[in-house]
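Working notes, beginning with the structure itself.
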Amino acid sequence: MAELSNPDSAPATAATRTRIAARLTSLRNRVREFGLALSGLWRRSLQLRVVALTLAITSAVVAVVGYVLVTQISSQLIDVKTKAAINQSSYGVSYINEQFDLQGAIVGQDLNDVLEDSVGLLQTRSTSAGEFYVMAVVRDTEGTVVRTIASETSPVTATDLPDDLQQRAAEGLQGWSYARMLIDGSEQSVLVVGSAVPTDRGDYELYYVYPLTTEISVTNFVTQTVIAAAIAFLILIPGIGMLVSRLVVLPVRSASRTSQRLAGGDLSQRMEVRGEDDLAKLAMSFNGMAASLSSQINRLERLSLVQQRFSSDVSHELRTPLTTVRMAAELLHDYRDEFPEAAARSAELLHTELDRFEALLKDLLEISRYDAGGMELDADEENVEQLVDRIVTTYRPLAAEQGSEIQVEAIGEVPPAEISVRRLERVLRNLVANALEHGEGKPVEVTLAGDATTLAISVRDHGVGIDQNAADRLFDRFWRADPSRVRKLGGTGLGMAISLEDVLLHNGWLHVWGKPGHGCNFRVTVPLVAGATIDHSPLPLVPVGEQEGYVGGSPHIELAPPEPRAGEDLT
């Protein structure tokens, strides 16, 4: 009758395989997590690395020393045993020859009887070689064993003797060899020494068999003792290594914690100095460095406060006389047509320079507010595309005068963002004006892009470009790449510094890429939601088709081609 298959067996088998696969996957994940955790601990813990390396090196040294020690002891024991056995065998041969000479002179005396008596006597002698068995072998002229002579208690037979040793003895030579023989019901290692006993009445062979039980026991005892001592030593080594490394690691950890607190602004932190060793010298040097840094930082802070107060005070104090001068200048400017030509020109210049001076005072007041740290972002949701269009429309006549053209491109849909319109407009005006100033009449490209969290605007010119020194200092106050260059569009020297502060107030980024002869590309990146943080920019900093160049701005980045593209991290 055919066996019926169970329809539920296949699903059950599949379910079992699924469970096994899931368990194996879980086990692999746990092993991987454990490996990652151990790897992380290895990288972070100097003490663990010191202890582990000490244990590994010590284990190797102990293993080598233990092996050499056991090998040397075993070799010495066997050598002593072999020398004593050879001496005893030589004595046995001499003794038998003497007995043959003495007894062989007696008429009718059988040498086999003499040999048997001699073997019995030799068996009873005690020597430094330890326990042994004596056996004599008698061969005929063809080399066949015709008789073996041994004590009644000897377990050794002729068949137990090594063939190579019998061959040497048959050739009239002395030799020794190691073998395994059945003694007292157990197989044991033995040393066999064989010698020829030549006579004029026949060929005789004398064999001594020495069990190596004592030597093996001593070797095993030494081996066990060495292993036990090595294990105990290796158990103690991690503790010793931990203690010794702790003496070194603790001051290093203290230095690390102290340096972190110093970096966090706590300039009063110092390391504790103990003793007069190298670590104490390190602590003293560290404390000296910390004191010097604290002094320098405090001095720079005082200078910064003086500078900030000076800028603020000068700006405020000049506003009142500037207002008076402005009123007089406006009056002169209104009546300039009634003045002589030189006076009219002077009135015109006075009016223009007062505008620039007033803008400088406004920028000084603005930068002093940033220095005071009291600025807050007044953000509202705005359409940035409209803001850019408004700025570009304002600068198009100036671009036409420069022989340039402003091109605007929006990549995809640009979402609205929570920004301070006044501040972002000031940033973009500074960037567009700077591009027209240094663009040498070539087109200026304004690009917008956004994603789910960030908004980016780039302003690209194709003018003289910048080098690394300019990229590093471009956002410094009153810095100019070429002091001899005459400004065409005005400016106070604070525009880029204020622009950077405006962008940072948005939790944003302001970066510049430039290359001599290839122009510059300024990129502003801000979060869509006020106060949020950003970790990427929707627009690349390096223009398409460019790779090398110099970068600057905040936060600091390194140019590493290929530059991250839209939606990718800076790094």
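Quick one: in the stretch 404-423, of everything that is closer than 26 Å to G519 by Cβ and among the small types (G, A, S), which residue is surrounded by the fewest Cβ atoms within 10 Å (Cβ to Cβ)?
Ranking the candidates gives G412 first.
State whether the residues of the stretch 209-228 include one that is outside any helix (DSSP H, G or I), within 60 Å of the chain's Cα centre (by Cα) and at pLDDT 80 or above.
Yes, that holds for at least one residue.
For the stretch 500-537, what are the residues that are part of a loop (DSSP other than H, G, I, E, B) and out of contact with any Gly (no Cβ under 6 Å at 6 or more places or on another chain)?
Of everything in the stretch 500-537, those that are part of a loop (DSSP other than H, G, I, E, B) and out of contact with any Gly (no Cβ under 6 Å at 6 or more places or on another chain) turn out to be H506, N507, G508, L528, V529, A530, G531, A532, T533, I534, D535, S537.
Would the stretch 364-371 turn up any residue that is hydroxyl-bearing (S, T, Y) and modelled with pLDDT of 90 or more?
Checked against the condition, which is being hydroxyl-bearing (S, T, Y) and modelled with pLDDT of 90 or more, the stretch 364-371 yields no hits at all.
Among all residue pairs at least 6 apart or on different chains, which show Cβ distances below 9 Å where the first residue, located in the stretch 173-192, is in contact (Cβ under 8 Å) with a residue 12 or more places away in the chain and the second is of a type in the set (D, E) and assigned to a strand (DSSP E or B)?
M181/E187
Does any residue of the stretch 414-428 turn out to be more than 30 Å from L360 (Cβ to Cβ) and assigned to a strand (DSSP E or B)?
Checked the stretch 414-428: at least one residue is more than 30 Å from L360 (Cβ to Cβ) and assigned to a strand (DSSP E or B).
Show the residue pairs that are 6+ apart or on different chains and have beta-carbon atoms under 7 Å apart, the first residue being within the stretch 316-327 and closer than 15 Å to S368 by Cα and assigned by TED's automatic domain parsing to the domain that holds H351, the second being at pLDDT 70 or above and surrounded by 15 or more Cβ atoms within 10 Å (Cβ to Cβ).
Between residues of the stretch 316-327 that are closer than 15 Å to S368 by Cα and assigned by TED's automatic domain parsing to the domain that holds H351 and residues that are at pLDDT 70 or above and surrounded by 15 or more Cβ atoms within 10 Å (Cβ to Cβ), the close pairs are L318/L361; R319/L361.
In the stretch 364-408, what count of residues is obtained for those that are over 48 Å from the mean Cα position of the chain (by Cα) and within 30 Å of L303 (Cα to Cα)?
Summing the residues that are over 48 Å from the mean Cα position of the chain (by Cα) and within 30 Å of L303 (Cα to Cα) in the stretch 364-408 gives 1.
From V51, V64, V68, which residue is touching a Ser or Thr at 6+ places or on another chain (Cβ under 7 Å) and in a helix (DSSP H, G or I)?
V51
Hey, can you tell me all the residues within the stretch 473-487 that are more than 23 Å from E366 (Cβ to Cβ) and either among the charged types (D, E, K, R) or at pLDDT 75 or above (or both)?
Selection gives D482, R485.
Pairs under 6 Å by beta carbon, first residue in contact (Cβ under 8 Å) with a residue 24 or more places away in the chain and in the same structural domain as Q174 (by TED's automatic domain parsing) in the stretch 63-89, partner surrounded by 12 or more Cβ atoms within 10 Å (Cβ to Cβ) and polar (S, T, N, Q), six or more apart or different chains?
Going by the 6 Å Cβ cut-off, the qualifying pairs are V70/T223; S74/T219; Q88/T127; S89/S195.
Checking the conditions here, which among Q468, Q547 is at pLDDT below 90, touching a Pro at 6+ places or on another chain (Cβ under 6 Å) and not small (G, A, S)?
After ruling out the rest, the residue left standing is Q547.
Which ones in the stretch 154-208 are closer than 20 Å to N87 by Cβ, among the polar types (S, T, N, Q) and buried (at least 17 other Cβ atoms within 10 Å of the Cβ)?
Answer for the stretch 154-208, where residues must be closer than 20 Å to N87 by Cβ, among the polar types (S, T, N, Q) and buried (at least 17 other Cβ atoms within 10 Å of the Cβ): just S195.
Tell me which of these G493 doesn't satisfy, since it passes every other one: (1) under 16 Å from A435 (Cα atoms); (2) outside any loop (DSSP other than H, G, I, E, B); (3) of a type in the set (G, A, S).
Failed condition: (2).
Counting only residues that are farther than 14 Å from L206 by Cα and at pLDDT 75 or above, give me the strands (runs of 3 or more DSSP E) lying completely in the stretch 86-193 with at least 1 of them.
175-183
Of everything in the stretch 386-421 that's in contact (Cβ under 8 Å) with a residue 40 or more places away in the chain and out of contact with any helix residue (DSSP H, G or I) (no Cβ under 9 Å at 6 or more places or on another chain), which residue is nearest to V526 (Cα to Cα)?
Per the stated criteria, the residue is E418.
The values are calculated or read from the model by the stated rules, or taken from the named source; none is laboratory data. Keep in mind it's a predicted model, so treat the numbers as computed, not measured. Reconstructed Cβ throughout: ideal geometry from the backbone, glycine too, with neighbour counts over all protein chains shown.
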